[in-house]
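The values are calculated or read from the model by the stated rules, or taken from the named source; none is laboratory data. If you're wondering where the values come from, they're calculated on a predicted model, not measured in any experiment. Cβ sites come from the backbone with ideal geometry, for glycine too, and all protein chains shown count toward neighbours. Just so you know, the surface numbers come from the protein's heavy atoms only, side chains and all, with ligands and any DNA or RNA stripped out. Shrake-Rupley method; radii C 1.70, N 1.55, O 1.52, S 1.80 Å.
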Amino acid sequence: MGKKLKGVPSGEHSPGMEERRAFLKKFVSTVFAGVLAPAILNAAPEEQAQSVQQVLPEIPEPEPGEGMENPVFQMMRDLRRALQKPLEERRWIMVIDLRKCVGCNACTVACIAENRLPPGVVYRPVIEEEIGEYPNVTRRFIPRPCMHCEHPPCTPVCPVKATYQRADGIVVVDYDRCIGCRYCLTACPYNARTFDFGEFYTEDRGIHSLMPYEQVPTGEYNKVHERTRNESPVGNARKCHFCVHRIERGLLPQCVVTCIGRATYFGDRNDPHSLVSQLIARPNIMQLKEELGTHPKVYYLI
Amino acid sequence: MAHKTYKWLTILTGILGTIGVASVIYRLIAGMKITWLSSSVPWGMWVALYIYFIGLSAGSFLFSTLIYVFGQKELEKAGRLALLSAVLALVAGLFFVWIDLGHPFRIINIAFHWNSSSVLAWEILFYVFYITCVFAELWFLMRCDLAYMRDQSHGFKKKVYKLLALGWQCPTTIGSFRACHSQSLRVTAILGAIGVPLAIGVHGGTGAIFAVVKARPYWYSPIFPIIFLVSALVSGAGLMTFLYAFLGDKKAPDHHRIVLKLSQWLMLFLGVDVLLMITELLVGIYGSIPDHIAVWNQIMFGEYWYVFWIGQMGLTVLTPILFFVLKKGSTFWMGMGGLAVATGIISVRFNLVIPAFVTPPIPHLDEVMNHIRLSFEYFPSPMEWISSIGIIALVVFFFLQAYKFLPVFEHYKPHLMQGTIQAKEVNYEA
Ligand code: SF4
Ligand code: SF4
């Protein structure tokens, strides 16, 4: 039951009601496992390891000869395979298929929810472009996360080494060290960094007490940060981190699982069998501002 | 300066300075929210003023080296003034960049986690060495006067002078005084010589903070640090001309000659600065790289066109040249020309920083970054204005105090008379 899922749902292969329900249950738990993360984060490290084991959903095995596997499951399998390797042998990349993106902003919002982003902080806006003139008009949507550049211009400029590239290539910010000079914001050619000015949703609307949802701590970088007026991450540079806190739990980044058009893919470039490795070998692959020599790890299929 | 003017200036800057201190405390409590900066325009008024003051400092200092290192002896009377401005301007600049930090109290992280690939980290190092050097120079030049003032004063003043004199004793004979004076000049020359590369590092390096950012075509140019340096010299010379014209001993026979000489240096630096600016502009326009052109368009014909045309062109370039050409005989007008430059350069600093952010680095990004904290438009918030004016007033206040209580102009000249020391009458109240 629920062992396979066609890339595109088709009537003939739709599973029975029962199977369907079971599948949905599994799928939902896979997708929303991140909701449990804060509970795990508050636990001691040994307990964490244990509870991670507990919450990790089982990935349905594909059955040979049953058509295309759901890319989410394939990516999850790729991800867990990569996690078996030492950190420095992983190279996480993201592939965004612009022809599939419908510009719904679900990823933008999912990211905001996952990382408890305050107003004015955004990790993954979706750029909207109108091409041509009536009657020959089309629209193009370009989600723009952090490119996790292989040669990031943002890290060398940081005076305190608060932002750096991890061994697996993810560019991170150490909130507790960052002095908030915003040099990295000016240095990023993609405007991928935002500064947390300490805004709150409820305050903005003249409500004086903060709503509980604004007080939920963020679990970014596997650390708990209560967001109060002058404490980190307020006053820090913030950016997309490929959801490291999820990846390390065997989960895909939140934007990837939320994408309604299956336009966003994620995986290990060092693994030739991963889905993303296959995708970036296509001729219609490109990167943003390649000419700057940043070698982005976010690719676009156009 | 007339006693009355001095008094009123002290009161005015004192009040404004207090407001400045209050606004800085408010800023530290309330966070960066009180600014109208955004993630797309992450640097604004405070950073512009930071580079303004660093430039003023480096300019004044390099100016002092003309005297102590490169032997422009006729300007010697303005030497201490230049060093004093260098110290105060540097402190002001650092203060501006400090309050601009999201976590000001983590500044010490720079010492513990110093990043050698960051120009900003190098700059902090440069500032530390530089300020030590300037302080040392100033001390050597003033030590005899300070010791003398310590011996002459009482109470609290005595304590302050005692602290400043660092236990130095007045030379008691003409011979030992001369020896001491020439030693001071020697040490100053050496410190000045060390200071030259430091000051170039300080301001050229501040320019490099911007010039290395390949994400911003307007900044990303080798000429940028040079423009910083030259405009620093312009602002330093402007400030010196102004200060000396108004604070120097007007009755001295060489007063006019010194102001004129200062003005001539100012004209020279200004000429080079304009040349560099034209080069930048023409090459930029010729290249027609959209992002580059957009910035120049914004500067010259955008919403804040007046910063360029009135501030940069009118106040900084045309005014001093006009005053110099037409009113060469009047120290007042040359001094005013210097003031026009020293203040007009602020608009140059604004135009060096902020316009680089007006174009979204990715087309159409501005259309989806809707929140005010993501906006590509910027105008300083009321709190940014108030705190900036307050801090500047505070610096002027400290300058006035230093001018009154420190031996900025006069030299302690002992004459050996019947075995007792008599210093030349010194009027520090001027
Ligand atoms: S996209 Fe920007 S923030 Fe992300 S790694 Fe590259 S330069 Fe740094
Ligand atoms: S804002 Fe923080 S991360 Fe960015 S350069 Fe400054 S200290 Fe480093």
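Do you know which residues of the stretch B:355-376 lose at least 40 square angstrom of accessible area in the protein assembly compared with their chain on its own, with a 1.4 angstrom probe?
Going by heavy-atom accessible area, the residues of the stretch B:355-376 that drop by at least 40 Å² are B:PRO361, B:ILE362, B:HIS364, B:LEU365, B:VAL368, B:MET369, B:HIS371, B:ARG373, B:LEU374.
Can I get the semi-axes of the stretch B:36-380's equivalent ellipsoid? Compute them from the C-alpha gyration tensor as square roots of 5 times the eigenvalues, in angstrom, largest first.
Details: eigenvalues 304, 124, 55 Å².
They are 39, 25, 17 Å, listed largest first.
If you take the beta carbon distance between B:SER288 and B:ILE223 as r and set R0 to 25 Å, what does 1/(1 + (r/R0)^6) give as a FRET efficiency, to the nearest 0.05?
On the way: r = 18 Å, r/R0 = 0.71.
Calculated transfer efficiency: 0.90.
Express the Stokes-Einstein translational diffusion coefficient of the stretch B:86-174 in µm² s⁻¹, to the nearest whole number, given a Kirkwood radius over alpha-carbon pairs, 37 °C and a viscosity of 0.692 mPa s. Write down the numbers at each step before the final one.
Details: Rh = 15.7 Å.
So the translational diffusion coefficient is about 209 µm²/s.
Run lengths n ≥ 4 of DSSP H only: what is the helix-derived mean residue ellipticity at 222 nm for the protein assembly as shown, with -39500 (n - 2.57) per run over all residues, to the nearest 500?
Values: 24 runs with 376 residues, N = 732.
So the calculated ellipticity at 222 nm is -17000 deg cm²/dmol.
Taking the Cβ-Cβ separation of A:MET68 and A:ALA281 as r and a Förster radius of 25 Å, what is the calculated FRET efficiency to the nearest 0.05?
Computed FRET efficiency for A:MET68 and A:ALA281 comes out at 0.90.
Could you give the nm distance between label points at B:ALA252 and B:LYS404, where each point is 7 Å from its Cα heading toward the beta carbon?
2.2
For the stretch B:1-141, go through all pairs of different Cα atoms, get the mean of 1/r, take its inverse, and jot down that Kirkwood value in Å. Present the calculation step by step, with values, prior to reporting the outcome.
Details: mean 1/r = 0.0576 Å⁻¹.
It is 17.4 Å.
Would you kindly calculate the mean projected area, averaged across all directions, of the convex hull enclosing the Cα atoms of the stretch B:134-174, in square nanometres? Working shown, then result.
On the way: hull surface 11.6 nm².
Mean orientational projected area (the stretch B:134-174, Cα hull): 2.9 nm².
Return the average number of partner chain Cβ atoms within 10 angstrom of each residue Cβ along peptide A:171-181.
Values: counts 0, 0, 0, 2, 1, 3, 5, 5, 13, 9, 13.
Per residue, the average neighbour count from other chains is 5.
For the protein assembly as shown, give the percent of accessible area contributed by carbon and sulfur heavy atoms, probe 1.4 Å, rounded to a whole number. Walk me through the intermediate numbers first.
Numbers: 20830 of 31550 Å².
On the protein assembly as shown, the fraction of accessible area on carbon and sulfur atoms equals 66 percent.
Choose one answer from B:HIS255, B:HIS113, B:HIS103: the residue with the largest mean-square fluctuation in a GNM of chain B with alpha-carbon springs under 10 Å.
Among B:HIS255, B:HIS113, B:HIS103, the largest GNM mean-square fluctuation belongs to B:HIS113.
Kindly tabulate the residues in the stretch A:109-130 with an accessible-area decrease of at least 20 Å² between the chain alone and the assembly of all protein chains, using a probe of 1.4 Å.
A:GLY120, A:VAL122, A:PRO125, A:ILE127, A:GLU128, A:GLU129
Shape verdict for the protein assembly as shown, please, from the Cα gyration tensor: rounded (a/c under 1.5), prolate (a/b greater than b/c) or oblate.
Details: a/c = 2.86, a/b = 2.26, b/c = 1.27.
Note, shape of the protein assembly as shown comes out prolate.
So if each residue of separation counts as 0.36 nm, and I subtract the Cα-Cα distance between A:GLU150 and A:THR202, what length gain in nm does that give?
14.9 nm
Using 17 Å as the cut-off for backbone N distance, which residues of the stretch A:265-302 belong to the label zone defined by a point 7 Å from the Cα of A:GLU88 along Cα→Cβ?
A:270
Figure the gain on full extension for B:GLU377 and B:TYR26 (residue separation times 0.36 nm, minus the Cα-Cα span) and round it to one decimal in nm.
Here the segment from B:GLU377 to B:TYR26 would lengthen by 123.9 nm.
Using 7 Å Cα-to-Cβ label points, what is the B:LYS7/B:ILE124 separation (nm, one decimal)?
4.5
How many nm separate the modelled label positions at A:MET211 and B:HIS364, each set 7 Å beyond the Cα in the direction of the Cβ?
Output for this residue pair reads 3.0 nm.
Report the extension gain between B:SER182 and B:THR18 in nm, rounded to one decimal, defined as 0.36 nm multiplied by the number of residues separating them, less their alpha carbon distance. Each step should come with its number before you reach the end.
Working: separation 164, 0.36 × 164 = 59.04 nm, distance 4.14 nm.
Roughly 54.9 nm would be gained on extension.
Per residue in the stretch B:88-113, which ones lose no less than 10 Å² of accessible surface when going from chain alone to all protein chains (1.4 Å probe)?
B:ASP100, B:LEU101, B:GLY102, B:HIS103, B:ARG106, B:ASN109, B:ILE110, B:HIS113
With unit charges on the beta carbons (Lys and Arg positive, Asp and Glu negative) and the dipole taken about the Cα centre of the protein assembly as shown, which residue among B:LEU49, A:PHE242, B:TYR286 sits farthest to the positive side?
Towards the positive end, the residue furthest out is B:LEU49.
Given H placed 1.01 Å from N in the peptide plane, which residues other than close sequence neighbours of A:PHE266 have an amide H under 5 Å from its amide H?
Residues meeting the amide H criterion: A:VAL95.
Using a 10 Å cut-off around each Cβ of peptide A:146-159, what is the average number of partner chain Cβ atoms that fall inside? Numbers along the way, then the final one.
Numbers: counts 0, 0, 0, 0, 0, 0, 0, 4, 2, 3, 6, 9, 6, 16.
Other-chain Cβ atoms within 10 Å of each residue's Cβ, averaged: 3.
What quantity of accessible surface, computed with a 1.4 Å probe and excluding non-protein components, is buried in total between chains B and A, in Å² to the nearest 100? Kindly include the intermediate steps, with their values, before the conclusion.
Details: alone 20320 and 15180 Å², together 31550 Å².
Looking at B and A, the buried total is near 4000 Å².
Can you give the accessible area per residue of the protein assembly as shown, in Å², using a 1.4 Å probe? Display every interim value, and only then the final one.
Numbers: 31550 Å² over 732 residues.
For the protein assembly as shown, the solvent-accessible area averages 43 Å² per residue.
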